[in-house]
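**Student:** Handing you a structure now.
The values are calculated or read from the model by the stated rules, or taken from the named source; none is laboratory data. Treat the numbers as computed from the prediction; the structure is a model and nothing was measured. Heads up, the Cβs are rebuilt from the backbone with ideal geometry, glycines too, and the neighbour counts pull from every protein chain shown. Areas reflect the complete protein model, heavy atoms only, side chains present, ligands, DNA and RNA absent. Shrake-Rupley method; radii C 1.70, N 1.55, O 1.52, S 1.80 Å.
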Amino acid sequence: MKNEKLKLISEEGIRIDGRKLEELRPLRIEIGVLDKSDGSAYVELGKTKIFAAVFGPREVHPKHLALPDRAILNCRYHMTSFSVDERKPLGMTRREIELSKVIREALESVVFLEEFPRTSIDVYVEVIQADGGTRTAGLTAASLALAEAGIPMADLVAAVAVGKVEGHLVLDLCDIEDKYGEADMPIAMAPRLNSIVLLQLNGRLTKEEFRKALELAKKGIMEIYQKQRDALRKKYSEVSLMEV
Ligand code: ADP
């Protein structure tokens, strides 16, 4: 779908929000932002704002749902009614149910679930404000919340969307680029393992564009991963200073 009146990328290659084609939105990461959960994180990527909270490993209710050989990973992706321009209906929409599933599947590839049989680990992703890339920023936040909860994982998950807008490959699409662009490809990786744990594509890319888009996503993901690690390091150096 193309909107003829709207110009999303200038002749100079500057995007509608002032970014270069291969530039992430300003990224803010905080860990340990909520008191009641075992682990939590806040991720802000431009105007997209997300909290993630983790509970567990904890007893499964009802008990017969517990698995004898591993923990159950429950994920709930939810957008607040005030997170989008038009008020989102209350309760879980089909889109939120689908995104909860893809987020769970991506996290299942890194969490050592077999270490906690008969328990559940519950991950809540709460979108406070949505401006594109919520599933990816949600994953970035969720893996940090899991790390803060002390859940053993093979790696963190860092994620970003790439896409094609007015013929250009761009990193980290905002809502308007997502809506009017030609393609949108959310990607999540376990960067240390060089493993892709989520890849979706909405729209069309040629083989060559797909290859380039993947490289661009990896570049963005490495930047996000570095910031995730910095945030964890900062949090734990503060803790160890308090203990001295
Ligand atoms: P993602 O947020 O992972 O990019 P989508 O591609 O489905 O997922 O959504 C893109 C953007 O569209 C969202 O980030 C949000 O800004 C907007 N959006 C999603 N759902 C709604 C909705 N129900 N009402 C208005 N805007 C929405």
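**Student:** Quick one: in the stretch 34-52, of everything that is part of a loop (DSSP other than H, G, I, E, B) and not charged (D, E, K, R), which residue is nearest to the ligand (Cβ to nearest atom)?
**Tutor:** G46
**Student:** Just to check your reading of the model, which residue among R135, R192 is free of Cβ contacts under 8 Å to residues at least 40 places away in the same chain and either of a type outside the set (A, V, I, L, M, F, W, C) or farther than 19 Å from V102 by Cβ (or both)?
**Tutor:** It is R192.
**Student:** Could I ask something else about it? Suppose we filter the stretch 113-170 for residues that are over 21 Å from M189 (Cα atoms), open to solvent by 30 Å² or more (accessible area, probe 1.4 Å) and among the small types (G, A, S); how many remain?
**Tutor:** Counting residues in the stretch 113-170 that are over 21 Å from M189 (Cα atoms), open to solvent by 30 Å² or more (accessible area, probe 1.4 Å) and among the small types (G, A, S) gives 1.
**Student:** Residues to consider are S109, S81, S40; find the one that is open to solvent by 10 Å² or more (accessible area, probe 1.4 Å) and either in contact (Cβ under 8 Å) with a residue 60 or more places away in the chain or on the phi > 0 side of the Ramachandran plot (or both).
**Tutor:** S109
**Student:** Does the stretch 58-69 contain any residue that is closer than 29 Å to A231 by Cα and of a type outside the set (S, T, Y)?
**Tutor:** The answer is yes; a qualifying residue exists.
**Student:** When both residues are 6+ apart or on different chains and their Cβ atoms are under 6 Å apart, which pairs have a first residue that lies in the stretch 87-102 and is within 9 Å of the ligand (Cβ to nearest atom), and a second that is in a loop (DSSP other than H, G, I, E, B)?
**Tutor:** Once the first residue is within 9 Å of the ligand (Cβ to nearest atom) and sits in the stretch 87-102, its partners that are in a loop (DSSP other than H, G, I, E, B) give R87/S81; K88/S81.
**Student:** Could you please find all residues in the stretch 197-229 being of a type in the set (D, E) and either in contact with a Gly (Cβ under 6 Å, 6 or more places away or on another chain) or in contact (Cβ under 8 Å) with a residue 40 or more places away in the chain (or both)?
**Tutor:** Listed by number, the residues that qualify are E209, E223.
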